[in-house]
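Scroll down for the structure; my scribbles are underneath it.
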Amino acid sequence: MALTPDEVVRLAGLARIELTAEETAMLAPQLDVILDAVATVSEVATDDVPPTSHALPLVNAFRADRVRPSMPAAEALAMAPRAEQSRFRVPRILDEGAQ
Amino acid sequence: MSEPQSPRTSMTDAVTTGGAEILTSSATDLVAAMEAGQVSSVEITQACLDRIEAVDRQVHAFLTVDAERALRQAREVDSRRAAGQRLGPLAGVPLAVKDLFCYQGMVTTAASRMLAGWVSPYTSTVVQRCVDAGMVILGKTNLDEFAMGSSTETSAFGPTHNPWDLERIPGGSGGGSAAALAAFQAPLALGTDTGGSIRLPAALTGTVGVKPTYGGTSRYGVIAMASSLDQPGPCARTVADAALLHQVIAGYDPMDQTSIPRDVPPVVEACRQIDLAGMRLGVVTGLSGQGYAPGVTQRFEEAVAALRGAGAEVIEVSCPHFEHALGAYYLIQPAEVSSNLARYDAMRYGLRLDDDGEHSAEQVMAASRGAGFGAEAKRRIILGTYALSSGYYDAYYGSAQKVRTLISRDFEAAWATCDALISPTTPTTAFRIGERTDDPLAMYQADLCTIPANLAGIATGSFPAGLAPEDGLPVGLQVMAPVLCDDRVYRVGAALEAQLEAAWGGPLLASIPPLGAAAKEDVR
Amino acid sequence: MSSWTTDDLMDYDEVMERFDPVLGLEVHVELSTASKMFCGCSTDSDADPNTHVCPVCLGLPGSLPAINGHAVESAIRIGLALNCQIAPWCRMARKNYFYPDMTKDYQISQYDEPICHDGHLDLEVDGQSYRVEIERAHMEEDAGKSLHVGGSDGRIQGAAFSLMDYNRAGVPLIEIVTKPVRGLGAKAPAVARAYMAQLRDIMIALGVSHARMEKGNLRCDANVSLMPKGSDELGTRTETKNVNSLRSVEGALSYEIRRQGAVLASGGRVRQETRMWQESGEYTIAGREKSDAEDYRYFPEPDLVPIECSASRVEELRATLPELPAAKRARLAAEWSFDETEMAAVLNAGALDLLDATVTAGAAPEAARKWWLSELSRRANEAGCELSEVGMTPVQVAELQALVDDGSLTDKLARQVIDGVIAGEGDPQQVVASRGLAVVSDDGALGAAVDEAIAANPGVAEKIRGGRVQAAGALIGQVMKAMHGQADAKRVRQIILEKLS
């Protein structure tokens, strides 16, 4: 199935990546070729095969509920593009978020 | 065999500065020499730093070198040794670290513009274990951006050059670590392997690289590419050195809940057992033939003969689903990438563009990510976003996870008939820089042989198998062993090394063309 | 911000004549674990900004989550308290979306494999029983807090920029989702409120959450739609957020029901959107339009291994459950022989546990109820504090009642003793001693006081001698006054009648 430039733009939006028109034009056919090549997986992935999400069958790895030292705020904020009042300063938010 | 005529001579030529013996020595020998008081960690470290200074303009293996910190660590180990303290088996040995491992106080970039200049406030478990073992951290090595690539060409800071032929790629993603070893800039290095990022560069640079069993080494503090596949591992010039580093870094870490709460397999001991009597090896029939360079096939077959010579029984094993491994990998890996790389959103750290009061957070995120990620990263993020998006999940991601099951079953069936599987590490030798950059699919083909092991989480490694006659470039042999049987990988690797070095009259790297003054001007 | 709304509202009763409301409640419970869901940072919510953060909850490159086993146990215990099935095997999943308060730009949550599913909660509202079916209860992590700067009233709209504090990022949450609740009619908002109240009581009984709505420990997203009478087709729903008190749950739902009724009645269509409850003005405002096509690209969290919970483990955890509030209420009502009205009064006053403890300390239920619901409630009210913080313990109340029972105190004196206890003068016995409040039971002293009263009121005395016993009240009052109230009125009456017989 062909991936249109419009669809690439939609996906880039979902992935929060600004693409130039040239990038979009280049990506669409490239992704198409890759998707074509990988599509064979659905041929062998029959209903009787269970999916594997983790390489090994480990279960129940838990951490004890103990408090460990946190980082000093100054260290947490040291690499922030902008900080103010011990907080990370971010540009105005348009969306209200998903939660 | 058209192997090196007089390896010792050419190796000496390769080193134009002082300390030639130091630079070409194995870590094992360096530790023995330090223990005997013949050389200090400071001298070894200084020799490596000098060598980096001398040749890295050509090789570009390193992104960051911290000479001062390295020498401070070296001095400390020397004084502890002088005071008669008991030290670990690699104390005082310099280490090059792939720039995917966080190391407190050192710039950590993942070779991305996104993280240029980011100083990590914490240290990954694996690097911490190396530091605790008294190893000396030289600096950070180059890689494909966020480890996404098979050639180290997608690095935002320029490609690494293969020390065997500076116009060629060193493999990827961990090309910097492998090149640093082949260029004698460091005796040991750390890598990570998601689809072959340790083994592929090892094969293409004539060095040793092992991907431990998934969960055998901690991923904590290692910048994630594809979480269910990533695994840190050792890179070295000899099998025994790799095992020593493996022993230092491996083992359960409560900070990584996918790490296995079990003892580390006896990898160091396995290297001493150089005969393979009683061991049955399976040659994967599908990983050969069309698409494999003649020199690769030839050296692989010779290596199989050498393994027979070491006492192994060799049979053929068919793994029918391996042909779908590449497809499954290039769905699962981009899917996880698309999620793992979401955090680089310009809010808390990293590149931020267009923060002018006009643009919203959403716009700043998109602009920063658009500018901060390179073409391959964007390609994979968008591919992964697609594979996970509603309506396509079952056909792509879901199916890929089923193929993962089928591949594991192929391995399980193989273990019923043999102790380990072998194949070429990669279908071809190192290609030229730029040769495949416009053809992602051709690039992905380099991972054909290495990917099944990642999907199944098993232990695997690549070992030098000689130089392809047609181009004189290194060929690697891949060993794959069951989960937590990492020792078998080393046992086979050590036996192969012993057999082949006896035939060659020395290590493969002894025949690497010299780097240095003569070549300095015409490259880079 | 204005404190009024331009929304057209339909009369509530009229809406009920024409529509049936259908509810859906999503409640987030913040667990009271010591450390966060996936790292060792403290969950303390009062700390300075960004002081409870680490590479994991800041989403720094390379960091990995490590799940808190205690949080998983709490999730299972909550599920059991809500009569849920516990999944024998489940995984965490990543919910992918970009937002500045989410440090990894994905939330570790659960998708199609919630740890608890298919439960129910039985409620009683105005004597009528309701069952709310629970679809699922799953584990996830909280986001950071944003401070919007430069707009009006700290709202997101119109802000120039925002300041992020990630102390709350990674605090464990349990999200409890109901199935659509139908057939509630006009009682829908009240049932929703009762549901929240009962969830709160359960969380407190389990000890898994502080469950204080005003602190955001318990947050409700209230979905409601209207279904025309006689129709089977669900209407378009809205989701109201920012509902931070029991009163708001009821208020927000009533408002939305009335607003949607007006929209539908005027031939309009309800927009599928989130609404924000404005506590101050008691109305909702439109938020983001919500489409069903939100693409969160869920997939199993590869950094965490699956969670397996055997049937025997479930039973082990079930055995740790305390008596749950509903069961406890029913048991105590029977033990105390309280009728519905009496019990409702106790619950409304938040006095159930206080009464229970007082009865356990030896007081009769009726007496315990009397003190807590009248005298002590009044004082808590005056002091503007919770009944439990009024300054008198259940043991002290029981002690006080014992003094009344053995005749040492009259009710009037007892109230003075309460003054002393609340003033911090010690236990009732100590207050009685230090204030000299004990009833005078010396017949000699009482007899003298009676004689004085008779002498001072010959007319009254004459009436009593003549058989008009009820006139004794006047003399009793005189004697009590003379004794400064420290006499048993019954005994005084006896003595008067003996002397005038």
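Bear in mind that the values in this text are calculations on the coordinates, not laboratory data. Source: prediction; values computed, not measured. Here the Cβ positions follow ideal geometry from the backbone for every residue, glycine too, while neighbour counts run over all protein chains shown.
What does the charge count around B:THR285 come to, taking other residues whose C-beta lies under 15 Å from its C-beta (Lys +1, Arg +1, Asp -1, Glu -1)?
Values: positive: none; negative: B:GLU301, B:GLU316, B:GLU323, B:ASP410.
Result for the neighbourhood of B:THR285: -4.
Tell me the net charge near B:GLY350. Cut-off is 10 Å between Cβ atoms, B:GLY350 excluded, with +1 for each Lys or Arg and -1 for each Asp or Glu. Don't skip to the end; give the middle numbers.
Working: positive: B:ARG113, B:ARG343, B:ARG348, B:ARG352, B:ARG369; negative: B:ASP345.
Value of the local net charge: +4.
Once the convex hull of the alpha carbons of segment A:1-63 is built, what does its volume come to per residue, in cubic angstrom?
Numbers: hull volume 9.9 nm³, N = 63.
Taking only Cα atoms, segment A:1-63 has a hull volume of 157 Å³ per residue.
Net charge near B:VAL296, counting Lys/Arg +1 and Asp/Glu -1 over other residues with Cβ under 12 Å of its Cβ?
On the way: positive: B:ARG299; negative: B:GLU301, B:GLU302, B:GLU470, B:ASP471.
After counting each charged neighbour, the total is -3.
Can you give the FRET efficiency for C:GLU214 and C:THR6, using 1/(1 + (r/R0)^6), R0 = 35 Å, r = Cβ-Cβ distance, to the nearest 0.05?
On the way: r = 29 Å, r/R0 = 0.82.
E(calc), rounded to 0.05, equals 0.75.
How many angstrom lie between the C-alpha centres of segment B:326-377 and segment B:165-202?
One Cα centre to the other: 26 Å.
Arranged from highest to lowest average of other beta-carbon atoms within 10 Å per residue, in what order do the peptides B:46-53, B:424-431, C:379-386, C:234-241 appear?
On the way: B:46-53: 21.8, B:424-431: 25.1, C:379-386: 12.4, C:234-241: 19.0.
With the highest mean Cβ count within 10 Å placed first, the list reads B:424-431, B:46-53, C:234-241, C:379-386.
Find, to one decimal place in angstroms, the Kirkwood hydrodynamic radius of segment C:432-501, where the mean of 1/r is taken over every pair of different Cα atoms and then inverted. Let's see the in-between values first.
Numbers: mean 1/r = 0.0824 Å⁻¹.
By the Kirkwood definition, the hydrodynamic radius is 12.1 Å.
Calculate how many DSSP beta bridges within the protein assembly as shown are antiparallel, expressed in % of all such bridges and rounded to the nearest 5.
Antiparallel bridges: around 80 percent, rounded to the nearest 5.
Run the helix sum for chain B: -39,500 (n - 2.57) per DSSP H stretch of 4+ residues, divided by residue count, reported at 222 nm to the nearest 500 deg cm²/dmol.
Estimated from H runs of four or more residues: -12000 deg cm²/dmol.
By per-residue mean of other Cβ atoms within 10 Å, what is the highest-first order of B:284-292, B:320-328, C:490-498, B:172-180?
Answer by packing, highest mean first, reads B:172-180, B:320-328, C:490-498, B:284-292.
So what is the relative contact order of chain B, in percent, for Cα pairs below 8 Å that sit 6 or more residues apart?
Values: 1275 pairs, mean separation 101.8, N = 524.
The value is 19 percent.
How big is the antiparallel share of DSSP beta bridges in chain B, given as a percent to the nearest 5?
Working: 30 of 46 bridges.
Bridges in chain B that DSSP calls antiparallel: roughly 65 percent.
Here are some pairs, B:LYS140/C:LYS36; C:LYS179/C:LYS241; C:LYS36/C:LYS215; B:LYS140/B:LYS211; C:LYS370/C:LYS490; which of them have Cα atoms lying more than 27 Å apart in this structure?
Values: B:LYS140/C:LYS36 33 Å; C:LYS179/C:LYS241 18 Å; C:LYS36/C:LYS215 17 Å; B:LYS140/B:LYS211 19 Å; C:LYS370/C:LYS490 21 Å.
In this structure, B:LYS140/C:LYS36 lie more than 27 Å apart at Cα.
Along the Cα→Cβ direction, 7 angstrom out, place labels at C:ALA364 and B:VAL131. What is the inter-label distance in nm?
7.4
For segment B:139-211, just say rounded, prolate or oblate: build the C-alpha gyration tensor, square-root its eigenvalues into a ≥ b ≥ c, call rounded for a/c under 1.5, and beyond that prolate if a/b exceeds b/c, oblate if not.
Rounded shape, in that the Cα axes give a/c under 1.5.
For chain C, compute Rg over Rh where Rg is the Cα radius of gyration and Rh is the Kirkwood radius from the inverse mean 1/r over Cα pairs. Provide the component values of the computation, followed by the final result.
Details: Rg = 30.2 Å, Rh = 27.0 Å.
The Rg/Rh ratio comes out at 1.12.
So what J values fall out for segment C:51-56 if you push phi through Karplus, 6.51 cos²θ - 1.76 cosθ + 1.60 with θ = phi - 60°, rounded to Hz, Gly and Pro as x?
3J(HN,Hα) across segment C:51-56, in whole Hz: 9, 10, 9, 8, x, 6.
Taking only Cα atoms of segment C:325-435, what ratio of Rg to Rh do you get with Rh as the Kirkwood inverse-distance radius? It would help to have the intermediate numbers written out before the result.
Details: Rg = 13.7 Å, Rh = 14.1 Å.
Using only Cα positions, Rg/Rh for segment C:325-435 is 0.97.
Quick check on chain B: take the gyration tensor over C-alpha atoms, sort the square-rooted eigenvalues as a ≥ b ≥ c, and tell me if it's rounded (a/c under 1.5), prolate or oblate.
Values: a/c = 1.43, a/b = 1.08, b/c = 1.32.
Rounded, since a/c falls under 1.5.
Any idea what the relative contact order of segment C:443-500 is, in percent, if you count C-alpha pairs under 8 Å spaced at least 6 apart? List each step's numbers first, then the result.
Numbers: 45 pairs, mean separation 22.4, N = 58.
The normalised contact order for segment C:443-500 reaches 39 percent.
Could you work out the percent of alpha carbon pairs in the protein assembly as shown separated by over 44 Å, rounded to a whole number? Show your work: numbers first, answer last.
Details: 302637 of 631126 pairs.
Summing the P(r) tail past 44 Å for the protein assembly as shown gives 48 percent.
Given an 8 Å cut-off on Cα distances and at least 6 residues of separation, report the relative contact order of chain C as a percent. Present the calculation step by step, with values, prior to reporting the outcome.
Working: 890 pairs, mean separation 72.3, N = 501.
That works out to 14 percent.
Using alpha-carbon positions, what is the distance between the centroids of segment A:50-89 and segment C:435-498, in Å?
Here the two parts' Cα centres lie 78 Å apart.
Using alpha carbon centroids, what distance separates segment B:24-82 and segment C:335-381, in Å?
Using only Cα atoms, the two centres lie 79 Å from each other.
Kirkwood Rh over alpha-carbon pairs of segment B:83-194, then Stokes-Einstein at 20 °C and 1.002 mPa s: what D in µm² s⁻¹, rounded to an integer? Write out the running numbers ahead of the final one.
On the way: Rh = 14.2 Å.
This corresponds to a translational diffusion coefficient of 150 µm²/s.
With the Cα gyration tensor of segment B:345-473 giving a ≥ b ≥ c as the square roots of its eigenvalues, does the rule (a/c under 1.5 for rounded; else a/b larger than b/c for prolate; else oblate) give rounded, prolate or oblate? Before the final figure, lay out each step's value.
Working: a/c = 2.90, a/b = 1.61, b/c = 1.80.
Verdict is oblate for segment B:345-473.
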